[in-house]
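In what follows, a structure is listed as structure tokens, so that the remarks can point back to it.
Values in this text are rule-based calculations from the coordinates and carry no lab data. Remember, predicted model here, so these are calculated numbers, not experimental data. Cβ atoms come from the backbone with ideal geometry, glycine included; neighbour counts cover every protein chain shown.
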Ligand SMILES: [Zn+2]
């Protein structure tokens, strides 16, 4: 996408994991000042260290999540933290460096709901451009675990396909993924 208006990197969500994009002042390698400039080898401005020439690339972060399937419906949780506190979403979180997307999705589901899921199938990959994140969403079967609230969760509930709380979903990606699951049920 050749959209010049995005070249200044605008991350709109003040709570987002990438809100600091464009605001970094110091080199993470040597501590000298960073400045945004155009290098000959690059097609856009980059944050470059004036001392060691380190280039701080600002790239989206990856979130992995699961639509846990149970009795033909899905398990959702009500968020206990910002952003969008009080709204419903599926278990998800940021990938760590030492794990695969599937492992991250299973881990986050366990952490946020105490449910054990398996048989992961990729539902889709969604880009939230203004938040600077990419969300990888799987469907998975709930195999075990008694639901219990994680420290970031207010409530956990099962929803049949006709009971989805559409007006109280947390993010665009929450809506897109559940819509996609919904469409596939009908297809
Ligand atoms: Zn440096």
Stokes-Einstein D for the chain, Kirkwood Rh over Cα pairs, 4 °C, 1.567 mPa s (µm²/s): 71
Zone of residue 35's modelled label, taken as backbone nitrogen in region 46-64 under 13 Å from a point 7 Å along Cα→Cβ: 46-53
Once a ≥ b ≥ c are taken as the square roots of the eigenvalues of the Cα gyration tensor of region 19-58, is the result rounded (a/c under 1.5), prolate (a/b larger than b/c) or oblate (a/b not larger than b/c)? oblate
With springs only between Cα atoms under 10 Å apart, run a GNM on the chain and tell me which of 43, 141, 172 wobbles the most. 43
Running a GNM on the chain with Cα contacts under 10 Å, which residue among 77, 47, 169 ends up with the highest mean-square fluctuation? 47
Please list the three semi-axes, largest first and in whole Å, of the ellipsoid equivalent to region 97-187, using sqrt of 5 times the eigenvalues of its alpha carbon gyration tensor. 20, 18, 15
Taking a ≥ b ≥ c as the square roots of the Cα gyration tensor eigenvalues, with a/c under 1.5 meaning rounded and otherwise prolate when a/b beats b/c, else oblate, which class fits region 21-117? prolate
In a Gaussian network model over the chain where Cα atoms closer than 10 Å are linked, find which of 35, 162, 148 has the largest mean-square fluctuation. 162
In Å and on Cα atoms, what radius of gyration and Dmax does region 54-107 show? 14.2, 52
Over region 61-186, what is the relative contact order in whole percent, taking alpha-carbon pairs under 8 Å and six or more residues apart? 33
Could you calculate the contour length gain from residue 96 to residue 179, that is, 0.36 nm times the residue separation minus the distance between their Cα atoms, to one decimal place in nm? 27.1 nm
Length-normalised contact order of region 25-108 in % [C-alpha pairs under 8 Å, at least 6 apart]: 20
So what's the back-of-envelope 222 nm ellipticity for the chain, counting only DSSP H runs of four-plus at -39500 (n - 2.57) apiece and dividing by all residues, rounded to 500? -5000 deg cm²/dmol
What percent does the relative contact order of region 19-58 come to when contacts are Cα pairs within less than 8 Å and at least six residues apart? 32
Heads up, region 124-175 by the C-alpha gyration tensor (a ≥ b ≥ c square roots of eigenvalues; a/c under 1.5 rounded, else a/b over b/c prolate, else oblate) looks prolate
